[in-house]
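The values are calculated or read from the model by the stated rules, or taken from the named source; none is laboratory data. All values derive from a computational prediction rather than experimental measurement. Methodologically, a virtual Cβ is constructed for each residue, glycine included, from the backbone with ideal geometry; neighbour enumeration extends over all protein chains shown.
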Amino acid sequence: MAKDPKSAVEVEVEAPAPASKKKLIIIIAAVVLLAGGGAAAWFMMHQKADPHKEEVKHAEPAKAPVFITLETFTVNLQPDPDEKFLQVDMQLQVASNEVAEELKTQMPVVRNRLLLLLTSKKASEILTMDGKKQLSDEIVAELKKPFSVNAKPQEILGVYFTSFVVQ
């Protein structure tokens, strides 16, 4: 009888052993795959983030803005229905000191272009906030035009009104 219980015990232990080994191997394989996938995902996410951090660290420092102060413009506006005039002070923001110097050498042309543009306006067109913004955009477009046939356009970044009076 002693053999029967041992053989029965041996049979019971041996019979489930192959099934539990398979399950154990499958569980270990799944854990290894999940860990590998998680590690790969973490590595890829940090790999993409690092170049952006390096770019930010190596970015050039911002240049100080370059402004040109223009002399006061006093012009007659188009009748609307009354005669009105505009007195305006403005500053131009340009891309570099070289552009500023070019504009200074061409100041008679700059002033002529601005006078022609300003005198073409009616008071009702430029009194609103949108009208002033549109006028600013038109000034930038006008001053970006090259001064000669083969010249490149000026790099005008913005126009800022420092005084704006319509009477």
**OP:** Confirm whether Q154 is polar (S, T, N, Q) and surrounded by 12 or more Cβ atoms within 10 Å (Cβ to Cβ).
**Re:** yes
**OP:** Name the single residue, out of those in region 57-84 being of a type outside the set (V, I, T), in contact with a helix residue (DSSP H, G or I) (Cβ under 9 Å, 6 or more places away or on another chain) and outside any loop (DSSP other than H, G, I, E, B), that is surrounded by the fewest Cβ atoms within 10 Å (Cβ to Cβ).
**Re:** N76
Original post:
Which condition does T74 not pass, out of (1) in contact (Cβ under 8 Å) with a residue 40 or more places away in the chain; (2) within 13 Å of F164 (Cβ to Cβ), if it passes all the others?
Top reply: (1)
Original post:
Going by the structure shown, is E98 charged (D, E, K, R) and either in a helix (DSSP H, G or I) or surrounded by 13 or more Cβ atoms within 10 Å (Cβ to Cβ) (or both)?
Top reply: yes
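For every residue, the table says whether it meets (1) charged (D, E, K, R); (2) modelled with pLDDT of 75 or more; (3) surrounded by 10 or more Cβ atoms within 10 Å (Cβ to Cβ).
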| residue | (1), (2), (3) |
| --- | --- |
| A2 | no, no, no |
| S7 | no, no, yes |
| E10 | yes, no, yes |
| P18 | no, no, no |
| V31 | no, yes, yes |
| L34 | no, yes, yes |
| W42 | no, no, yes |
**OP:** Select from region 116-167 the residues that are assigned to a helix (DSSP H, G or I) and β-branched (V, I, T) and list them in ascending order.
**Re:** T119, I126, I139, V140
